Amino acid sequence: MIYVMSDIHGCFDKYQKMLRRIDFAPEDTLYVLGDVIDRGPDGIKILQDMMGRVNVFPILGNHEFTAAVCLPWLMEEVTSLEISRLDESQIAALSEWIANGGTETLYALQRLDAEERVEILEYFQEMELYEEVEAGGQSFVLTHSGLEHFAPEKALNAYELQDFLFCRAELEKTYYADKIVVFGHTPTAVLGGENQILRRETWIDIDCGCAFRGGQLGCLCLDTMEEFYV
């Protein structure tokens, strides 16, 4: 079976419960559509679990992207950062990361040794921006946030990085006629989804507000279209 989940945001317990809930097996495949880290306390712990599984595939989220921008120059200073040494762009990136819940991730990085930090950075850098999969007789495009500046004839590799990371879902948005775009990033409650997976004819939003009060972690099986919640 092929499963997708997104926006786990450091909620390791919910992630583990979901793996048990779907009875995730070695022959199954899981795509995690970004924003594993930040807000919740255990994003690094989730990443390390994912890194140890050959059948779990990460898609880059905007939170991982921000972390990957900051980490190269934070590597040596993550335990005792000297603000005076940062240039304006570095301060802006670090401020954005902290403002979006990155403090928990920074604390977690402090507890890692240098080799573990490098492994995390390399994992971020290897993350894909999208995947195309076939399941249950249906074609899917998996991204973190949807597709900004969408055009049906536009090749996926022609989109800019930002188009995959920062697009906001709109109820009346339409994508392809022959494949469904699956994404997270925009909590479904914002769109009237009541913290449950929200389906439209051409897209599915699976961000159920895991890290927010009243939210839950959603998971969708692409083979059967069955929904799971923790």
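Brief remarks on what is shown
- Residue match in the range 181-196 (condition: of a type in the set (G, A, S) and over 25 Å from Y3 (Cβ atoms)): no
- Check on Y123, in contact with a strand residue (DSSP E or B) (Cβ under 9 Å, 6 or more places away or on another chain), part of a loop (DSSP other than H, G, I, E, B), more than 21 Å from L217 (Cα to Cα) and among the hydroxyl-bearing types (S, T, Y): no
- Condition met for Y229 (under 24 Å from I37 (Cα atoms), hydroxyl-bearing (S, T, Y) and out of contact with any His (no Cβ under 6 Å at 6 or more places or on another chain)): yes
- A single entry from V118, V133 fulfils the requirement of being in a helix (DSSP H, G or I) and either within 22 Å of I206 (Cβ to Cβ) or of a type in the set (A, V, I, L, M) (or both): V118.
- Only one of the listed residues (D163, D207) is among the charged types (D, E, K, R), touching an Asp or Glu at 6+ places or on another chain (Cβ under 8 Å), surrounded by 17 or more Cβ atoms within 10 Å (Cβ to Cβ) and closer than 25 Å to E104 by Cα. That residue is D207.
- Pairs with Cβ under 8 Å, 6+ apart, first in the range 22-51 and under 24 Å from W97 (Cβ atoms) and free of Cβ contacts under 8 Å to residues at least 40 places away in the same chain, second of a type in the set (G, A, S) and outside any helix (DSSP H, G or I): V32/S6; V36/G10; V36/G61; I46/G10
- Filter result for the condition that a residue is in a helix (DSSP H, G or I), of a type in the set (D, E) and at pLDDT below 85, over E76, E96, E104: E96
- Residue selected from the range 170-187 under the condition among the hydroxyl-bearing types (S, T, Y) and more than 15 Å from the chain's Cα centre (by Cα), by the criterion surrounded by the fewest Cβ atoms within 10 Å (Cβ to Cβ): T174
- Test for R111: is it surrounded by fewer than 22 Cβ atoms within 10 Å (Cβ to Cβ), at pLDDT 85 or above and closer than 30 Å to V133 by Cα: no
The values are calculated or read from the model by the stated rules, or taken from the named source; none is laboratory data. If you're wondering where the values come from, they're calculated on a predicted model, not measured in any experiment. Don't worry about glycine lacking a Cβ; one is built from the backbone with ideal geometry, like all the others, and counts go over all protein chains shown.
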